[in-house]
1. Please go through the range B:1-10 and give me each residue that is more than 7 Å from every other protein chain (Cβ to nearest Cβ), among the hydroxyl-bearing types (Ser, Thr, Tyr) and part of a helix (DSSP H, G or I), ordered by number.
2. Kindly evaluate B:Gly129 against the criterion of being within 13 Å of chain C (Cβ to nearest Cβ), open to solvent by less than 30 Å² (accessible area, probe 1.4 Å) and within 29 Å of A:Val46 (Cα to Cα).
3. For the range C:333-354, what are the residues that are open to solvent by 60 Å² or more (accessible area, probe 1.4 Å) and within 27 Å of the chain's Cα centre (by Cα)?
4. Evaluate the range C:200-217: report whether one residue or more is in a loop (DSSP other than H, G, I, E, B), within 14 Å of another protein chain (Cβ to nearest Cβ) and free of Cβ contacts under 8 Å to residues at least 12 places away in the same chain.
5. Out of the residues in the range A:1-50 that are open to solvent by less than 60 Å² (accessible area, probe 1.4 Å) and not in a helix (DSSP H, G or I), state the one that is modelled with the highest pLDDT.
6. I'm trying to understand the selection: among the residues of the range A:96-120, which are exposed (fewer than 10 other Cβ atoms within 10 Å of the Cβ) and under 17 Å from C:Phe337 (Cβ atoms)?
7. Could you count how many residues in the range C:338-372 are of a type in the set (Gly, Ala, Ser) and over 18 Å from C:Ile292 (Cα atoms)?
Amino acid sequence: MEKTSKSQHMNLTTYVTGFLLSVMLTLAAYFTAVDGALAPRSIGIVVVGLAIAQLLVQLVFFLHLGRETKPRHQLLVFCFTLVVLAIVVYGSIWIMDNLNYNMMPHEMDEQLIEEEGIYR
Amino acid sequence: MTELAATVKTTLGFWTYLMTDVILFATLFVTYAVLHTNTFGGPGPDELFSMPFVLVETLLLLTSSFICGLAILAMQRQAKQAVLAALAVTFVLGAAFLGMELYEFNKLVDEGNSWQRSGFLSAFFTLVGTHGAHITAGLIWIGVMAAQIGRRGLTPHTSRRLVLFSLFWHFLDVVWIFIFSLVYLLGAA
Amino acid sequence: MSLSDVSFNPFDHSLLVAGAQFTMVFGVIALVVGLTLLKKWGWLWREWLTTLDPKRIGVMYIVVAAIMMLRGLGDAAMMRAQQALSAGGSTGFLDSDHFQQVFTAHGTIMIFFAAMGLIFGLFNLLIPLMIGARDVAFPFMNSVSFWLFAAGAVLINVALLVGGEFGATGWLAYPPLSGLEYSPGPGVDYWIWSLQVAGVGSLLSGINFLVTILKMRAPGMTLMKMPLFVWSSLGSLVLIIFAFPILTATLGMLALDRTMGMHFFTSDFGGNPMMYINLIWAWGHPEVYILILPAFGVFSEVVATFSRKRLFGYTSMVWAIGAITFLSFLVWLHHFFTMGAGANVNAFFGIMTAVIAVRTGVKVFNWLFTMYRGRIRLTTPMLWFLGFVLTFTIGGVAGVLMSVPAIDFQVHNSLFLVAHFHTMIIGGVVFGAFAGYTYWFPKFTGFKLNETLGKWAFWCWLIGFLAAFIPLYILGLMGATRRLDHYDASLGWQGLFVVAGVGLALIMAGVGFQILQLVVSWLQRGTNRDLSGDPWDGRTLEWSTSSPPPFYNFATTPQVTDRDAFWAVKESASSGSWVGKAKRETIRLPKNSPFGCIIGGLSIILGFAAIWHLWWLGALALLSIITVLTIRLSEDETEYTVPAKTVQAIETAFAQKKGQQA
């Protein structure tokens, strides 16, 4: 049977490594969050960071991203997806958060003026 | 078109479909992000989720993703029985995951915290439920693949389809990483 | 409202709805009777309904799009008539509720079915031929895409037959108005489900043609040697792939609100209606670029051919397409500057909007530079291009004006906005589609369209368009709000509405000329036959085949060396080893399949069941679709072989015809 173009580098080591790394990253994130030792903001950063790390592990070890023969169209499509994702997710959160901008109480005026750099 | 070229073409097509699914999930994620504090006086994520339960679910799905990888290795060795065995284990683990998820949903609904309670719960049920629907589709796919490979053996056609299935199954685990982290872990913190 | 509440008695509905019902039912019956009398069912099934040939699928897309465009124009006529007639005491002939349904239907049909249908039609007809391929990457999926599109078109028409109402929410159905509380009837559900079904078809087509372009180009055709229509289409396809999932998810959430009592976009229980607007425009803005990019591609081909000159600035055109594609994801907030965001957010998106206009300007200049010192032939397609330059520029600068948030605050949701986007879509997409239609008609039918009638059609459309929409720019600046069925007489605006109505009548005359052109050309096809396959002295690969092309497109895969691949062959005076002389090989092509059509039918049932909450029927339909797909996708032998002798015979016949013409 003719091998698929991606199959040249798959072997047991790859999968086992990927699996063990993923389990470790999962447990690390779990105990960070459940433990409550860190401040909530730090927990957030750590958990998200570990999630992204596990994403990369699974992309490389399970989905074999980057191992295509040229032209690397799958990689290209994937990168586009990341860009669009970043724009839509970040953009939406920025916009939705901002929609109440004009309805903030007067007490916040001084803070806003400073933040926005508005000069009188 | 050569067999290899056909495989490359089909893989790219399926991969592109998976990318559209990424955008779909991203839309549901960002909606969850916007709505997750809108509990309308009801309970929030910190009160509703059981952490050990979710950890078990996560490890089940992760293991099934690994076993699926083993199925592909067996396919390369042309070991038909090993492929079928790995697919069976993948199925069992995936079904267990789904069962646990349905149990969690059922519990929430019984407590009065269904998707009709608040914007937060609507977003939660839809995001996690859509993932569950994809898992269900994957389980059906395993059944079809097992039947095909059982009857026709590991031909170029069935092997190609098996690889596509494995991409799908790994992708679902990737999405779950983010549900686990952003919805459950950050919700509890 | 449940199915048992629906009255099927036409006398219970308004005259308008009854009229629409009668027209549809009569039309379908006439079609069925006609096919039976002419004994054409077998032919229809074999040659059209089960075909996987993208050339046939392309024609079907265009036929459906044309029918839907007629319905959309009917809606437009009703709106113009209503606004022209109603002033002061008179309230015209449409009550508010019906007027709202009419403008909702008009927008939805024109964008999703007329424009998208034309675009997908062009993709199917042209992309494989232009890249030297025999088919698309996934022929069966192509058939499914078309039938899902057709299913959506059927569903949106069934709204008037079963239920007697459509959504009255505008073409984007903002909640909370489109939520269950304020739109309890089935109208919005019909809107949601016909778009969901058609949307899945669009997404699948996007994937299909992207892979086709990336993986199935003829040897030697690098990306930078592709025709610009293919580049433009590539940009559009990228946008389809990344934007349509947002639509699917958002419509899905609205459907969940309406059917399962969820609270995504309700005004209470923690919903956030503004999130819908954010998401729907995150899709909606790329959508309009999805529509315009292929039209730009058409113009690139038309201008080069009819200036007898290679396109000016190929590389900068490609960069412009890339920039437009990327930037169209960065501007979506300009559709809701007034929704309350702060200055920073509005400024960012305003600047991005202004920047994107620059890239389009580059393209217009490149087309004009192509014409400069070219040997121009003012055929009908070129006239459509020139009409585009005039109208699109007007609409474009109106858009740049509105990209400034402070100005947009004055004209948001006024008739100025309405005039702007109609200028872009009609001046850009529709004129582009018409230019393409006239240009490629001989290729796919074997005979040319009547030039004189084409020119009459063009002038009616252009003058009619200007008469219909310049008044709207003026009215908008004077403060006229959109979507109103009645304006107070004291404003003195009725005169302008009457002019707009006359403009629409002229446009309808233009459509009349186009229909007449089609009929006359068909009757005269003996005299305006295209025997050479290359009636315009074209530059790209599709012109190297016969008219119409053989079902396998190319007997031998072309070997490409230059941009304007066919022109290079003609210039080098060698007829190219792949045009005419090479040894014929057997060709493998996909067999016909009934499953695309069947899935389309099942989707109509699925959509209908979802709308009327007939869960058992919906489950059955879904299960059937899954079963059909499983059966088809488990098939290993889906192709058949065309013997080399057959290919030889067809090619010899073409060579003889070409000899005749010469």
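The values are calculated or read from the model by the stated rules, or taken from the named source; none is laboratory data. Quick caveat, the model's predicted, so the values are computed rather than measured. All Cβ positions, glycine included, derive from the backbone under ideal geometry; neighbour counts span all protein chains shown. Calculation scope for accessible area: heavy atoms of the full protein, side chains included, ligands and nucleic acids excluded. Shrake-Rupley method; radii C 1.70, N 1.55, O 1.52, S 1.80 Å.
1. The one that is more than 7 Å from every other protein chain (Cβ to nearest Cβ), among the hydroxyl-bearing types (Ser, Thr, Tyr) and part of a helix (DSSP H, G or I): B:Thr10.
2. So B:Gly129 fits the description; yes.
3. none
4. no
5. Selected residue: A:Ala39.
6. A:Met103
7. Looking only at the range C:338-372, we keep the residues that are of a type in the set (Gly, Ala, Ser), and these are C:340-343, C:347, C:350, C:354, C:357, C:361.
With the extra rule that they be over 18 Å from C:Ile292 (Cα atoms), the set shrinks to C:340-343, C:347, C:350.
The number of residues fulfilling the criteria is 6.
Every residue, every condition in (1) within 29 Å of C:Leu129 (Cα to Cα); (2) out of contact with any Phe, Trp or Tyr (no Cβ under 6 Å at 6 or more places or on another chain); (3) of a type in the set (Lys, Arg); (4) free of Cβ contacts under 8 Å to residues at least 40 places away in the same chain, yes or no:
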residue: C:Ser194; (1), (2), (3), (4): no, yes, no, no
residue: C:Lys225; (1), (2), (3), (4): yes, yes, yes, no
residue: C:Phe229; (1), (2), (3), (4): yes, yes, no, no
residue: C:Phe244; (1), (2), (3), (4): yes, yes, no, no
residue: C:Thr259; (1), (2), (3), (4): no, yes, no, no
